[in-house]
1. Considering only residues that are among the charged types (D, E, K, R) and more than 8 Å from the ligand (Cβ to nearest atom), look in segment 5-25 and name the one that is surrounded by the most Cβ atoms within 10 Å (Cβ to Cβ).
2. All but one of (1) in contact with an Asp or Glu (Cβ under 8 Å, 6 or more places away or on another chain); (2) free of Cβ contacts under 8 Å to residues at least 24 places away in the same chain hold for Arg33; state the number of the condition that does not hold.
3. Considering segment 26-36 alone, what residues qualify as being loosely packed, with under 15 Cβ neighbours inside 10 Å and more than 11 Å from Arg5 (Cα to Cα)?
4. Does segment 1-31 hold any residues that are β-branched (Val, Ile, Thr) and assigned to a strand (DSSP E or B), and which are they?
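Rule-based calculations on the coordinates, nothing more; no lab input. The shown structure was predicted, so the numbers you read here are calculated from the model rather than taken from an experiment. Here Cβ is always computed from backbone atoms with ideal geometry, including for glycine, and neighbour counts include all displayed protein chains.
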Amino acid sequence: MNCERCNKKAIVHTMSMFNVENICMTCKEEERRHPDYEKARVAEAKEVKKGNYNFKGIGFPKKKKEED
Ligand SMILES: [Zn+2]
């Protein structure tokens with residue numbers, strides 16, 4: 001399958017912490033370095049604790065350089 005974020009062919013993929021996209025490990029690494037990653041992780045953990053296993057994530061924040 002292809003990565004839902006960068007569209008490159010991905011043999012190994014994983015669920016994004018920010019949303020429900022299946023992303024490649026390169027994109028996952030980028031997420032880990034994202035300043036909001038911890039926030040996304042904590043939000044996810046909070047929802048799971050409440051019993052919500054279908055949390056859609058806080059949404060992937062657009063990178064500054066991609067904005068006009
Ligand atoms: Zn990717």
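1. Glu21
2. Among (1) in contact with an Asp or Glu (Cβ under 8 Å, 6 or more places away or on another chain); (2) free of Cβ contacts under 8 Å to residues at least 24 places away in the same chain, Arg33 violates only (1).
3. Glu29, Arg32, Arg33, Pro35
4. Thr14, Ile23
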